[in-house]
Amino acid sequence: SFVNQLGDERIAPAALVPSLLRLSAHSGVTLPLDLFEGRRNTAGLDPTSADMATSLQAAWITADLATPPETAVDDIGQIVDTLAAAQRGWNALAVEARADILDRAADALERDLPLWCALIVREGHRTWADAIPEVREAADFCRYYAQQAREWMATRTLRSITGERNTWRLRGRGVWACISPWNFPLAIFAGQVVAALVTGNTVAAKPAEQTPGVAARFIALLHDCGVPRDVLIGVYGAGDTGAALVAHPQIAGVAFTGSTAVAKVIARTLAGKDGPIVPLIAETGGINAMIVDATALLEQVVDAVVQSTFRSAGQRCSALRLLCVQEDMADGLLEMLRGAIGLLRVGAPSDLASDLGPVIDAEALAKLQQQIAQLEQQARLIARAELPADLANGIAPVAFEIDAIEHAGEEIFGPVLQVVRWRGEIEPVVERINALGYGLTLGVQTRIDQRASQIADSAHAGNVYINRNMIGAVVGVQPFGGEGLSGTGPKAGGPLYLTRFCSESTLSINT
Ligand code: NAD
């Protein structure tokens with residue numbers, strides 16, 4: 001643990017500790033370790049602490065990751081029929097029974113935390129310091145949605161005229177298709193699935209083709225905790241499998257997290273289907289900006305930028321992509337950033353000394369290399385970290401300076417930062433960021449309170465973070481989700497999320 005400038009004792013995520021220490025030494029300042037793990041109770045969860053390191057090591061050796069067989073597209077009809085037949089009974093259960101299952105699942109995740117971390121590191125190539133909060137987040141989703149369901153799914157009696165009784169309640173809609181990405185192989189998959197289940201829906205759960213093993217293990221855990229086998233069925237395969245699932249006529253709703261392009265394909269499929277209008281919850285990508293003005297604290301900015309851009313090798317939808325720096329302080333900030341990037345350590349995800357691991361697979365690497373090659377042509381290199389030669393799918397964290405916000409291009413889903421200078425009024429800067437069309441996260445670094453609230457008011461962004469990093473939204477504390485090209489709006493881990501999985505029913509009785 002460390003003592004920050006305010007004298008608070010906080011635990012720093014271990015993967016960043018080496019770079020933070022090196023950065024502190026480099027810049028000659030004590031960094032405020034104002035990290036998101038410090039805000040939640042992570043006591044005993046520091047991967048470098050002796051006890052935790054021993055447990056993780058033991059789990060790493062024994063963790064057995066079985067890959068489920070791919071689902072034949074021809075079998076999807078039968079799977080959805082089975083789920084449809086089971087939905088009425090599941091929906092009729094008291095919400096308490098479904099919520100209790102989620103609480104048991106959270107207990108099981110917490111009990112076997114090192115095992116789940118090992119599975120995530122093995123299959124998702126995430127670092128230990130990423131895996132620990134991911135397991136926590138999955139457990140948080142289970143507990144939070146259990147609690148929210150108990151509250152929201154109770155029947156409410158409404159104002160009635162004499163001789164009439166009116167009630168209102170939420171109910172499951174039917175069979176949901178839950179389709180998730182690989183970058184949080186447990187937490188995003190779990191969050192969608194348990195939200196759909198606890199609200200009385202049955203679920204066809206399709207994880208990303210890169211990470212089916214973690215997902216299959218979580219499905220088995222839910223079955224062990226009491227979810228009937230015909231209420232939750234895994235569907236394994238690539239995009240064509242997901243497309244076949246979405247196209248099935250009995251699908252009553254789709255929860256999708258992934259790229260904007262695929263979300264649009266799914267929306268078109270749903271719109272073209274005969275039969276009922278099917279809701280889509282889409283949580284997609286972003287070109288997330290951080291606006292820094294000349295009053296910001298340099299050390300705080302560098303710390304926030306390094307974490308927000310490079311943590312998880314930049315493979316977070318919330319990650320910082322575009323740093324917008326006021327001209328007056330740009331040179332000083334870039335100088336410090338150069339030092340910080342040069343100190344980042346890329347390595348095997350299972351190595352506690354790695355600040356960041358590789359990207360998910362060779363396909364992702366090839367796409368990133370192409371995007372970086374384009375930046376090398378069109379932008380000015382600021383800094384690039386070193387890359388060990390023997391790391392499969394490793395990529396060096398890198399930053400480029402570009403001339404205009406509009407040049408930011410498409411989402412680059414890796415450890416790549418683009419920096420742009422601004423001068424003059426702040427409002428046009430916000431407008432130009434808004435005009436990119438995304439709206440997921442936005443960072444603001446300023447010591448002028450009025451400017452911070454002005455930006456927050458005019459920004460089109462689902463999650464605005466002021467004077468801190470912009471990743472690691474905590475369930476129930478920072479409901480997460482974007483607008484525009486970044487999604488249809490519902491906030492995972494927020495008070496209204498469950499309502500999106502439900503139909504509303506009003507009953508009026510003439511007494
Ligand atoms: P992706 O869109 O390629 O795939 C996501 C899922 O969709 C996978 O399970 C995939 O098999 C499936 N899929 C692909 N084509 C399909 C189709 N035609 N029909 C139905 N399903 C289909 O995304 P990815 O590469 O796995 O994940 C990275 C993207 O996810 C990034 O853009 C990132 O920003 C975004 N993301 C967003 C959030 C968020 O909460 N907003 C969170 C994590 C990741």
* To do: Along Cα→Cβ, 7 Å out, is where each label goes; now give me the distance between the ones at Asn166 and Ala92 in nm to one decimal.
  => 2.9
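Please give the length that would be gained between Asp64 and Ala220 if that part of the chain were fully extended, namely 0.36 nm times their separation in residues minus their C-alpha to C-alpha distance (nm, one decimal). Display every interim value, and only then the final one.
Values: separation 156, 0.36 × 156 = 56.16 nm, distance 1.38 nm.
So the chain would gain 54.8 nm between Asp64 and Ala220.
Mind putting a number on the dipole of region 71-187 about its Cα centre? Charges go on the C-beta only, +1 for Lys and Arg and -1 for Asp and Glu, and I need it in Debye to the nearest 20. Intermediate results must be reported in sequence, preceding the final value.
On the way: 15 positive and 16 negative charges, 136 e Å.
Roughly 660 debye for region 71-187.
For Ser350, Ser486, write out the residues from largest to smallest accessible area, computed with a 1.4 angstrom probe and no ligands counted. It would help to have the intermediate numbers written out before the result.
On the way: Ser350 45, Ser486 0 Å².
Descending accessible area places them as Ser350, Ser486.
Calculate, in nm to one decimal, what Ile466 and Gln378 gain on full extension: separation in residues at 0.36 nm each, minus their alpha carbon distance. Present the calculation step by step, with values, prior to reporting the outcome.
Values: separation 88, 0.36 × 88 = 31.68 nm, distance 3.06 nm.
Going from the current span to full extension adds 28.6 nm.
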* Sequence-distant or interchain residues sharing an amide H contact under 5 Å with Thr127, placed H: which? -> Gly357
* Quick one: which residues, 5 or more positions from Leu417 or on another chain, have an amide H under 5 Å from its amide H? H modelled 1.01 Å from N in the peptide plane, none for Pro or chain starts. => Val398, Ala399, Phe400
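Give the whole-number value, in cubic angstrom per residue, of the convex hull volume spanned by the C-alpha atoms of the chain. Present the calculation step by step, with values, prior to reporting the outcome.
Numbers: hull volume 81.8 nm³, N = 511.
Normalising the Cα hull of the chain by residue number yields 160 Å³.
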* Asked: Which ³J(HN,Hα) values in Hz, rounded to whole numbers, follow from the phi angles of region 473-486 under the Karplus curve 6.51 cos²θ - 1.76 cosθ + 1.60, where θ = phi - 60° and Gly and Pro get x?
  -> 4, 9, 4, x, 10, 10, x, 10, x, x, 10, x, 5, 8
* Angle in degrees between helix 95-111 and the longest Cα principal axis of the chain, rounded to the nearest 10 -> 40
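What shape does region 47-174 take by its C-alpha gyration tensor, where a ≥ b ≥ c are the square roots of the eigenvalues and a/c under 1.5 counts as rounded, a/b above b/c as prolate, and the rest as oblate? Write down the numbers at each step before the final one.
Numbers: a/c = 3.84, a/b = 1.73, b/c = 2.21.
Cα axes put region 47-174 in the oblate bin.
With a/c under 1.5 counting as rounded, go ahead and sort region 137-279 into rounded, prolate or oblate using the C-alpha gyration tensor (a ≥ b ≥ c being the square roots of the eigenvalues; past the cut-off, prolate if a/b is larger than b/c, else oblate).
Numbers: a/c = 2.29, a/b = 1.42, b/c = 1.62.
Oblate.
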* Name the lysines eligible as straight-distance cross-link partners of Lys367: C-alpha to C-alpha under 21 Å, and not fewer than 8 places from it in the same chain. => Lys264
* Structure fact -> Expected field for Trp176, accessible surface area in Å² at 1.4 Å probe radius, rounded to 10, holds 0
* FRET efficiency, 1/(1 + (r/R0)^6) with R0 41 Å, evaluated for Ser49 and His407 via beta carbons -> 0.40
* **Extended-chain gain in nm, criterion 0.36 nm per residue less alpha-carbon gap, Leu387 and Ala362** => 7.4 nm
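Restricting to the chain, what percent of DSSP beta bridges are antiparallel, rounded to 5? Before the final figure, lay out the partial values.
Details: 20 of 60 bridges.
Antiparallel: roughly 35 percent of the beta bridges in the chain.
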* Asked: Roughly how many nanometres apart are two label points built 7 Å out from the Cα toward the Cβ at Arg268 and Glu335?
  -> 5.1
* Asked: How much accessible area per residue does the chain have, in Å², with a 1.4 Å probe?
  -> 40
* To do: Enter the angle in degrees (range 0 to 90, nearest 10) between the Cα long axis of helix 76-92 and the first principal axis of the Cα atoms of the chain, meaning the one along which they spread out most.
  => 70
* Asked: Of Glu401, Glu363, which has the most accessible area with a 1.4 Å probe, and how do the rest follow in descending order?
  -> Glu363, Glu401
* Asked: When the accessible area of region 358-503 is split by element with a 1.4 Å probe, what percent falls to carbon and sulfur?
  -> 49
* Tell me the label-point distance for the pair Ala238, Arg447, using the 7 Å Cα-to-Cβ offset, in nm and rounded to one decimal. => 5.4
* Taking the Cα atoms of region 366-511 alone, what are Rg (to one decimal) and Dmax (as a whole number) in Å? -> 20.1, 78
* On a 0 to 90° scale, report how tilted helix 128-152 is relative to the longest principal axis of the chain, with both axes built from alpha carbons and the result rounded to the nearest 10. => 40
* Quantify, in whole percent, the carbon and sulfur part of the accessible surface of region 124-234 (1.4 Å probe; protein heavy atoms only). => 47
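Computed FRET efficiency, Cβ-Cβ of Gln57 and Thr511, R0 51 Å: what is it to the nearest 0.05? Display every interim value, and only then the final one.
Details: r = 66 Å, r/R0 = 1.30.
Given R0 = 51 Å and the Cβ-Cβ separation, E is 0.15.
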* Which shape class applies to region 117-196: rounded if a/c is under 1.5, otherwise prolate when a/b exceeds b/c and oblate if not, where a ≥ b ≥ c are the square roots of the Cα gyration tensor eigenvalues? -> prolate
* Positive end of the charge dipole of region 35-191 (Lys, Arg +1 and Asp, Glu -1 on Cβ, about the Cα centre): tell me which of Thr54, Ile101, Thr155 has its Cα farthest that way. => Thr155
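The values are calculated or read from the model by the stated rules, or taken from the named source; none is laboratory data. Just so you know, these numbers come straight off a predicted model, no measurement behind them. All Cβ positions, even for glycine, are placed from backbone atoms using ideal geometry, and neighbour counts span all protein chains on display. Ligands, DNA and RNA are stripped out before the accessible areas are found, and what is left, the full protein with its side chains, is counted by its heavy atoms. Shrake-Rupley method; radii C 1.70, N 1.55, O 1.52, S 1.80 Å.
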